[in-house]
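A.B. asks: Right, I'll just put the structure down here and ask away after.
Read the figures in this text as sums done on the coordinates, not as results from a lab. Note that the structure is a prediction, hence the values are computed from the model and not measured.
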């Protein structure tokens, strides 16, 4: 991969990270409303994004880059890899940092949950998000990048910088 291709990839990944974080925030807001009947701010950031969804998106991208033509495999890899990411993240946050950011044992449709860190619904959702990302989000992002490269870089860098600054600020104020 040449330097220009690498830079193009980095900007694409920055924007998709932010988009996935926002989609995760919207998804969790809806889930909490359905479960508890109230709108509640989810996540540890100040903005409307949740970092684990960005990391999940990047994981799906790299693990499925050569199999985009096999939706069933994209679903399976997205479900399993991000299910493991969520399980490991929940465990580490809980055991080492004494933070319990989610608990599937307290929500509806929590069949098969493992200590509240993951459940079948969350794993299936990751698989569906993988399909949405690869087939619905990534193509317009790439089209925007190809048609308006300069604007794409500005938007990607600006939004990603805000997201990272928000994460750092959130961690430093706790």
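A.B. asks: Apply the a/c threshold of 1.5 to the C-alpha gyration tensor of the range 87-174 and tell me whether it is rounded, prolate or oblate.
C.D. replies: Oblate shape, in that a/c is at least 1.5 and b/c is the bigger or equal ratio.
A.B. asks: Jot down the per residue volume, in cubic angstrom and as a whole number, of the convex hull over the alpha-carbon atoms of the chain.
C.D. replies: 129 Å³
A.B. asks: Now for a separate question. Rounding to the nearest 10 and keeping the result within 0 to 90°, find how far the Cα-based axis of helix 149-172 lies from the longest principal axis of the chain.
C.D. replies: 30 degrees
A.B. asks: On a C-alpha basis, how far is the centre of the range 1-79 from the centre of the range 80-138 in Å? Whole number, if you could?
C.D. replies: Each part reduced to its Cα centre gives a spacing of 13 Å.
A.B. asks: Under 8 Å for C-alpha pairs, at least 6 residues apart: give me the relative contact order for the range 1-103, rounded to a whole percent.
C.D. replies: Working: 77 pairs, mean separation 22.1, N = 103.
RCO, the range 1-103: 21 percent.
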